[in-house]
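**Student:** Quick one: this structure, given as structure tokens, is what I'll be asking you about.
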Amino acid sequence: MSDPLGRPDTGISRREFIAATGSAGAVSLAGCAASTGSTETPVPATPTAHSSPDLEKWVEEVPRPGVVEPVGTKDGSPYYEVEMREVEQEIHPDIPPTTVWGYDGQYPGPTIEAQQGEPVYVRWKNKLPDEHLLPVDTTIHSDTIPYDSTGVRVVTHLHGGNVEHTSDGKPKAWFTRDFEHTGPKFEKKDYYYVNDQPPATLWYHDHSLGITRLNVYAGLAGLYLLRNDHEESLSLPSGEYEIPLVLQDRSFNEDGSLFYPTAVSGTDGDSPNPDPSIVPQFFGDTSVVNGKAWPRLSINPRKYRFRFLNGSNCRFYNLKLFEYDESDGTTGTGGPPFTLVGNDGGLLASPVTIEERLEIGTGKRADVVVDFSDYAGQTLLVHNDAAAPYRGPNINTGGQQPLPEVMLIDVASGDVDDPSQVPSTLTDVPKIPVDSVAEERYLPLTTSTDEYGRQLYLLGSDSESSPHRLYDPVTEDPTLNDTEIWSFANLTGMSHPMHLHLVHFQVLGRQPYSEYDPKSEMIDVEALEPPAPEETGWNDVVTANPGEVTHVLVHFGEFEGLFNDQTGWYMWHCHMLEHEDHDMMRPFRVLPSADEEIRERAHHSVD
């Protein structure tokens with residue numbers, strides 16, 4: 001017999017689970033209907049087929065994003081103004097310039113470089129046209145979004161930022177050109193980023209309700225690098241030897257314009273499909289790095305620091321370097337390994353050599369050092385073997401839309417002086433103690449269909465037997481300074497990159513879904529599959545693979561002198577952008593502690 005939440009009572013492996021759920025990503029195991037919110041298996045839905053023009057590979061050099069400078073100060077802190085504009089940008093010489101949206105007219109946007117402990121203000125200014133660049137599905141959250149109003153809605157989220165909730169870039173805090181119209185959660189024009197967290201590779205991107213996938217695909221994303229003196233003292237590669245690499249997939253039309261699908265097939269609803277319609281996932285057929293299609297990077301035979309960001313809508317990457325023969329397009333033996341020095345939330349305690357492949361889910365960052373000194377005069381391929389949709393490492397079942405070739409790296413001949421190093425100790429990363437946990441939350445990832453029969457991915461909670469829509473009442477309400485375990489139980493047929501705003505967490509481990517009992521008073525940590533090497537340290541995105549429960553330790557507030565206390569409303573969601581736009585996103589609220597409530601009442605009594 002299955003339990004009330006639909007958990008099967010027989011053992012099953014992840015590979016068997018995926019075979020049972022099928023490529024539709026729907027739970028079809030006996031007894032799972034209660035947790036999907038539907039008694040029928042959704043029919044696989046596929047976007048309209050499209051092939052981009054045949055572009056010659058390895059023509060353009062990888063550009064480096066510019067760095068934005070403050071325009072002044074506010075309250076003694078640097079003050080930035082960053083405009084979102086529509087521009088034409090050459091992405092590949094074989095097609096006409098592509099119309100994109102860019103922060104300060106750049107795709108990707110310029111990098112903001114900030115120092116730990118030095119707050120900044122940013123005014124994100126909307127100078128976009130009144131009409132959207134891409135097809136908008138007006139059936140998504142139509143009860144909340146005024147689609148008939150003038151102007152494109154935008155709001156910028158600092159991904160990885162430990163910031164006040166009024167500066168977090170909530171989906172309903174959108175605004176149109178020159179702030180003419182604003183959303184119901186809009187509170188301020190100038191966002192305040194306190195920068196009281198470890199130095200890390202953060203990024204900023206649009207987060208507007210119902211159109212995040214479109215705004216980011218149009219180009220609204222950029223890097224935010226937080227630094228401190230300790231990191232700079234480590235002698236990691238820096239300056240021209242530190243290169244941000246924003247990985248994305250795109251599709252193009254013959255005229256150079258961005259292609260984005262407008263319809264899906266294979267739905268089973270009674271109502272005709274909207275046109276244009278949201279699609280369940282999007283995978284482009286062209287690799288784009290820092291705004292260039294199929295580029296190459298010229299470097300010297302020495303150590304380089306690459307700051308990888310997966311800025312794709314839905315695609316995962318499993319990266320490895322291979323020797324490459326450009327004359328016939330064949331790969332040889334493996335190249336130098338990636339040495340991971342940091343991830344989402346900053347530096348690791350010690351560097352980790354990735355012997356096989358480096359997994360980077362959507363929204364995640366990987367801070368790596370690669371030593372090219374033994375590869376002088378050679379060409380290397382950055383290779384990706386992640387299937388799309390992704391179902392975890394070494395799982396390649398179902399339909400695939402691979403993108404194996406990402407970019408080339410040309411290593412110059414000769415010898416060069418290289419004073420950089422990778423120390424054996426990088427920083428102190430205190431472990432969150434499991435015995436400090438106040439609550440464990442069972443959070444099932446499920447599927448259903450909407451009123452048109454389109455596939456819908458949803459998030460559930462242990463307080464309800466059915467999943468929730470985006471703005472159902474809040475079910476996750478931790479108290480400031482509490483430590484919790486969030487257990488993502490993936491009942492779908494694909495991997496989901498789960499992201500929490502505000503906080504950084506530590507991955508506790510994984511276990512088969514069939515072996516998990518949410519009613520148990522404790523989790524046997526020793527029995528869990530340990531985190532992957534790239535998941536050590538602080539994370540704000542974690543991959544939840546199908547048929548597994550992924551456990552993360554979350555502390556809400558300052559911890560061992562790191563991060564800062566914040567209360568209020570934030571979001572947690574799948575970072576596949578089509579999923580979060582279509583209800584795989586939920587709010588959570590950090591409640592003030594008793595001490596903070598006393599201080600707050602005292603403050604108001606003085607006022």
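**Student:** If you wrap region 122-269's Cα atoms in a convex hull and average its projection over all directions, what's the area in nm²? Don't jump to the answer; show the numbers that get you there.
**Tutor:** On the way: hull surface 49.7 nm².
Convex hull of Cα atoms, orientation-averaged projection: 12.4 nm².
**Student:** GluC sites (Glu not before Pro) within region 277-382: which are DSSP loop residues with at most 15 other Cβ atoms inside 10 Å? Can you show the working numbers first?
**Tutor:** Details: sites: GLU323, GLU326, GLU355, GLU356, GLU359; in loops: GLU326, GLU355, GLU356.
Within region 277-382, the qualifying GluC sites (Glu not before Pro) (loop, at most 15 other Cβ atoms within 10 Å) are GLU326, GLU355, GLU356.
**Student:** Just by accessible area at a 1.4 angstrom probe, what is the order of HIS132, HIS181 from largest to smallest?
**Tutor:** Details: HIS132 40, HIS181 65 Å².
Correct descending sequence by accessible area is HIS181, HIS132.
**Student:** Please report the relative contact order for the chain, taking Cα pairs under 8 Å with a sequence separation of at least 6, and give it as a percent rounded to a whole number.
**Tutor:** Values: 1629 pairs, mean separation 100.9, N = 607.
With pairs under 8 Å counted, the relative contact order is 17 percent.
**Student:** Take the Cα atoms of region 466-583, build their convex hull, and give its volume per residue in Å³. Kindly include the intermediate steps, with their values, before the conclusion.
**Tutor:** Working: hull volume 15.6 nm³, N = 118.
Cα-based convex hull of region 466-583, divided per residue, equals 132 Å³.
**Student:** I need the fraction of alpha carbon pairs in the chain separated by more than 34 Å, rounded to a whole percent. Please list the in-between numbers first.
**Tutor:** Values: 72060 of 183921 pairs.
Everything past 34 Å amounts to 39 percent.
**Student:** Here is a follow-up. Would you kindly find the accessible area of ASP54, with a 1.4 Å probe and non-protein molecules such as ligands, DNA and RNA excluded, rounding to the nearest 10 Å²?
**Tutor:** The value for ASP54 is about 150 Å².
**Student:** Related question: Can you send over the solvent-accessible area of LYS292, 1.4 Å probe, protein chains only, in Å² to the nearest 10?
**Tutor:** About 30 Å², rounded to the nearest 10.
**Student:** For region 449-500, what does the equivalent ellipsoid look like in terms of its semi-axes, each the square root of 5 times an eigenvalue of the Cα gyration tensor, given largest first in whole Å?
**Tutor:** Details: eigenvalues 114, 43, 19 Å².
Semi-axes (√(5λ), whole Å): 24, 15, 10.
**Student:** Using the Kirkwood radius over Cα pairs, work out the Stokes-Einstein diffusion coefficient for region 39-194 at 20 °C and 1.002 mPa s, in µm²/s as a whole number. Display every interim value, and only then the final one.
**Tutor:** Values: Rh = 18.4 Å.
Translational diffusion coefficient: 116 µm²/s.
**Student:** If you take the Cα atoms of region 355-448, find Rg, then find the Kirkwood Rh from the mean of 1/r over all pairs, what is Rg/Rh? Working shown, then result.
**Tutor:** Details: Rg = 20.1 Å, Rh = 18.4 Å.
My calculation of the ratio gives 1.09.
**Student:** Under the Karplus relation 6.51 cos²θ - 1.76 cosθ + 1.60, θ = phi - 60°, what is the ordered set of whole-Hz ³J(HN,Hα) values for region 504-517, x standing for Gly and Pro?
**Tutor:** Using θ = phi - 60°, the values come out as 10, 10, 10, 6, 7, x, 10, 8, x, 4, 5, 9, 9, 10 Hz.
**Student:** Would you check the accessible area of VAL416, probe 1.4 Å, heavy atoms only, in square angstrom rounded to 10?
**Tutor:** Per-residue accessible area (VAL416): approximately 60 Å².
**Student:** Compute the projected area of the convex hull of the Cα atoms of region 408-483, averaged over all viewing directions, and report it in nm² to one decimal place. Can you show the working numbers first?
**Tutor:** Working: hull surface 49.6 nm².
Averaged projected hull area, Cα only: 12.4 nm².
**Student:** Send over the Kirkwood Rh of region 192-346, from the inverse of the averaged 1/r over different Cα pairs, rounded to one decimal Å. Kindly include the intermediate steps, with their values, before the conclusion.
**Tutor:** Values: mean 1/r = 0.0532 Å⁻¹.
Computed over region 192-346, the radius equals 18.8 Å.
**Student:** How long are the semi-axes of the ellipsoid equivalent to region 470-526, from square roots of 5 times the Cα gyration tensor eigenvalues, in whole Å, largest first? Walk me through the numbers on the way to the answer.
**Tutor:** Details: eigenvalues 85, 58, 35 Å².
After scaling each eigenvalue by five and taking roots: 21, 17, 13 Å.
**Student:** May I ask you to give the solvent-accessible area per residue for region 106-189, in square angstrom, as obtained with a 1.4 angstrom probe? The partial results should precede the final answer.
**Tutor:** Details: 3190 Å² over 84 residues.
Solvent-accessible surface per residue comes out at 38 Å².
**Student:** Can I ask one more? Are any of the pairs LYS172/LYS431; LYS74/LYS188; LYS364/LYS431; LYS127/LYS170; LYS188/LYS431; LYS185/LYS292 more than 26 Å apart by Cα-Cα distance, and if so, which? Write down the numbers at each step before the final one.
**Tutor:** On the way: LYS172/LYS431 35 Å; LYS74/LYS188 14 Å; LYS364/LYS431 21 Å; LYS127/LYS170 20 Å; LYS188/LYS431 36 Å; LYS185/LYS292 36 Å.
From LYS172/LYS431; LYS74/LYS188; LYS364/LYS431; LYS127/LYS170; LYS188/LYS431; LYS185/LYS292, over 26 Å: LYS172/LYS431; LYS188/LYS431; LYS185/LYS292.
**Student:** Now a separate question. Stokes-Einstein diffusion coefficient for region 106-187 at 25 °C in a medium of 0.890 mPa s, Rh from the Kirkwood formula over Cα pairs: what value in µm²/s? Write out the running numbers ahead of the final one.
**Tutor:** Working: Rh = 14.5 Å.
Using the Kirkwood radius from Cα pairs, D works out to 169 µm²/s.
**Student:** Let me ask something additional. To the nearest 500 deg cm²/dmol, what mean residue ellipticity at 222 nm is calculated for the chain from DSSP H runs of n ≥ 4 alone, each contributing -39,500 (n - 2.57), summed and divided by the residues? Provide the component values of the computation, followed by the final result.
**Tutor:** Details: 6 runs with 42 residues, N = 607.
Theoretical 222 nm ellipticity from helices: -1500 deg cm²/dmol.
**Student:** Could you please state how large a percent of the accessible area of the chain is carbon and sulfur, counting protein chains only and using a 1.4 Å probe?
**Tutor:** On the way: 9990 of 22080 Å².
After summing per-atom areas, the C and S share lands at 45 percent.
**Student:** Restricting attention to region 385-473, which GluC sites (Glu not before Pro) occupy a DSSP loop and are surrounded by at most 15 other Cβ atoms within 10 Å?
**Tutor:** Working: sites: GLU405, GLU439, GLU440, GLU451, GLU464; in loops: GLU451, GLU464.
Listed in order of number, the matching sites are GLU451, GLU464.
**Student:** Still on this model: From the square roots a ≥ b ≥ c of the eigenvalues of the alpha-carbon gyration tensor of region 175-229, which class results: rounded (a/c under 1.5), prolate (a/b over b/c), or oblate? Intermediate values should be presented prior to the final figure.
**Tutor:** Details: a/c = 2.88, a/b = 1.56, b/c = 1.85.
Oblate, because a/c is 1.5 or more while a/b does not exceed b/c.
The values are calculated or read from the model by the stated rules, or taken from the named source; none is laboratory data. The structure displayed is predicted, hence computed values, not measured ones. A quick note on method: Cβ atoms are made from the backbone with ideal geometry, for glycine too, and the neighbour counts reach across all protein chains shown. To get the accessible areas, we keep the full protein, side chains included, count just its heavy atoms, and leave off ligands, DNA and RNA. Shrake-Rupley method; radii C 1.70, N 1.55, O 1.52, S 1.80 Å.
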